[in-house]
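The values are calculated or read from the model by the stated rules, or taken from the named source; none is laboratory data. Note that this is a predicted model, so its numbers are computed, not measured. For neighbour counting, all protein chains shown are included, and Cβ atoms are generated from backbone atoms with ideal geometry for every residue, glycine included.
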Amino acid sequence: MYQSLECRPDSYQEWYQRGNKLRAEGYYHEALNSYERALNYQPDNYWSWYRKGVVLEALGYYSEAIDSFAQASAIEPDNYWSWYEEGCIHFTEFQQYDHAIACFTQALVAHPQDYWVTYRIGEAWRKAGEYERAIFYYNKALAIRPDDFWSYYRIGEAQQYQEKLELALQSYNLALEIKPDDYWAWYQKGVIWQQLEQFPKAIKCYEQALSLDSTSDLAWYQQACCYALLNNTNWAIISLEKAIDLYPSKYLDIAANHSIWKEFRRQVGFQLLLTNKSQKYQQFQGN
């Protein structure tokens, strides 16, 4: 427990500095008390309201943190930080994307060339399903930081939701030029080629994704589906078995019921696979 200072603070600056010290050391409740004492001396001090919000957020008191950041912004409307932090809470903790956008937009007025707030406005519009607006802000983020993997990746994701698949492929390719070993970009390329019924190309992308993360049940299963649609029975079953071993309950059910495996279920070998895997994993569950 933090030991009280021998000399009790008796001014705004002393309480504020004490709060900063306690916050830096992780004594958040004590820091909160210090900032509140500082505000008794100077109720309209931006930084005490802002730091109080930071501590409340660290303690998980998100609504109270929002109120504190809003108080700070009312005192200094052109200060970036309180708008940005409030926007992050609306976005991350409450999924209130309209409120997040409003806060981030105010922060952007204060710092028009700030990458992070520009990117986060794009994220909020994407989460709200406004994909063109999201892409607009991701492109603005790229104007500030041209080699930004995440902006290209999120543009590709937004274009997928818009079913602009060729454009999405281009965006993922640009992302992979920056970060060639990103699992998700390769996986999403595989999904798009699969949607376009270009199954050999999809398989190559899934293989690349699996070379980066061999424990991905998603990539193994989608690869299995591509092989099945190409009537490549052996590789379809090999890939499906990998997916089953990684997530037995999910893929045993899919293999037993999904239409893509209907013809396979007529085969004795496929039936044995399902039977043996079911017995194996039921035994594990029993133990």
_Per-region count, the range 180-189, residues surrounded by 16 or more Cβ atoms within 10 Å (Cβ to Cβ) and either assigned to a loop (DSSP other than H, G, I, E, B) or touching a Gly at 6+ places or on another chain (Cβ under 8 Å) (or both)_ = 3
*So which residues in the range 119-164 are of a type outside the set (S, T, Y), closer than 19 Å to Q96 by Cβ and in a helix (DSSP H, G or I), if there are any at all?*
R120, I121, G122, E123, A124, W125, R126, K127, R133, A134
*Of the numbered conditions (1) touching an Asp or Glu at 6+ places or on another chain (Cβ under 9 Å); (2) in contact (Cβ under 8 Å) with a residue 24 or more places away in the chain; (3) among the hydrophobic types (A, V, I, L, M, F, W, C), V117 fails exactly one; give the number of that condition.*
(1)
*Could you list, in sequence order, all residues of the range 103-113 that are among the hydrophobic types (A, V, I, L, M, F, W, C) and more than 8 Å from G87 (Cβ to Cβ)?*
L108, V109, A110
*Being modelled with pLDDT under 95, more than 22 Å from the chain's Cα centre (by Cα) and small (G, A, S), is that true of even one residue in the range 18-28?*
no
*Would you call L167 modelled with pLDDT of 95 or more, in contact with a Ser or Thr (Cβ under 7 Å, 6 or more places away or on another chain) and in a helix (DSSP H, G or I)?*
no
*Would you be able to say whether some residue in the range 119-142 is surrounded by fewer than 16 Cβ atoms within 10 Å (Cβ to Cβ), of a type in the set (K, R) and within 18 Å of the chain's Cα centre (by Cα)?*
yes
_Subset of the range 70-89 (residues that are among the hydrophobic types (A, V, I, L, M, F, W, C) and touching a Leu at 6+ places or on another chain (Cβ under 9 Å))_ = W83
*If you take just the helices (runs of 4 or more DSSP H) that sit entirely in the range 1-99, which of them hold at least 1 residues that are of a type in the set (K, R)?*
12-24, 28-41, 46-58
*asked:* I need the full set of residues from the range 246-266 which are among the polar types (S, T, N, Q) and surrounded by 13 or more Cβ atoms within 10 Å (Cβ to Cβ), in order please.
replied: none
